[in-house]
Amino acid sequence: MFNRKAICKKMACVAGASVISAAALTAPSVYADDTGFFIQGAYGGYKTHGDDFDDQNTLYELSAGYRFLPFLGVELGYTDLGEFGGDLVSAEVDGYSASVVGYLPFTESFNAFVELGQFYGDVDVQALDFQDKTESETPFYGIGVSFRVTEPLWITAEYDRYDVEYEDGGWPDDIVGGGDSTDVDTLKVGARYYF
């Protein structure tokens, strides 16, 4: 039987390696000034699917990072997904992430990027009178584009996929369907400022 999540993660790794390799061959000699520290704020929406958490809501994210080379950087972030779910079962998720980012600069004002990282989240699940809190540590991946507005300011648009894990707390099967994770697809826009 095929493991869909494992296949998706392998495909994301291959795509990330391809972007980094392609950028390494073309970017350094032309975009040598696109490096340094940055901070970013982002706002967007997300869709959860799987188990009892089919829902959509909004999120916000704060992050900081360093771009070592025009084609390679690292990023640390805080993401708040708020509350999602229904009347019977709901969850609140927020947490921190650490990732490696591969950039592909097409022009001086337009980049594509691939992000691979780890998400460290707190998951509070409420199911009727049952409640449980879980620390979730799961990989995530994303793709996006960024546009330069002024010399230090960029606008970004990004899609990320998280697999949020939680404990079922021994709840009855008629409350929670026996699953222990839900997929979260996010789409967000942000403003990034380089120093």
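Sorted on the mean count of surrounding Cβ atoms within 10 Å across their residues, most packed first, peptides 143-154, 91-102, 117-128 read 91-102, 117-128, 143-154.
The phi torsions of the range 58-73, fed into the Karplus equation with coefficients 6.51, -1.76 and 1.60 and a -60° offset, translate into couplings of 10, 9, 9, 8, 10, 8, 9, x, 9, 9, 5, 9, x, 10, 8, x Hz, rounded to whole numbers, with Gly and Pro shown as x. Quantify, in whole percent, the carbon and sulfur part of the accessible surface of the range 59-121 (1.4 Å probe; protein heavy atoms only). Heavy-atom surface of the range 59-121 belonging to carbon and sulfur, 1.4 Å probe: 64 percent. Residues Ser181, Ser109, sorted by accessible area with the largest first, give Ser109, Ser181 [1.4 Å probe; ligands and nucleic acids excluded].
The values are calculated or read from the model by the stated rules, or taken from the named source; none is laboratory data. Predicted, not measured: the structure shown is a model, and the values here were computed from it. Positions of Cβ are generated from backbone atoms using ideal geometry, with glycine treated the same way; all protein chains shown enter the neighbour counts. We work out accessible area using only protein heavy atoms, side chains counted, and drop any ligands, DNA or RNA first. Shrake-Rupley method; radii C 1.70, N 1.55, O 1.52, S 1.80 Å.
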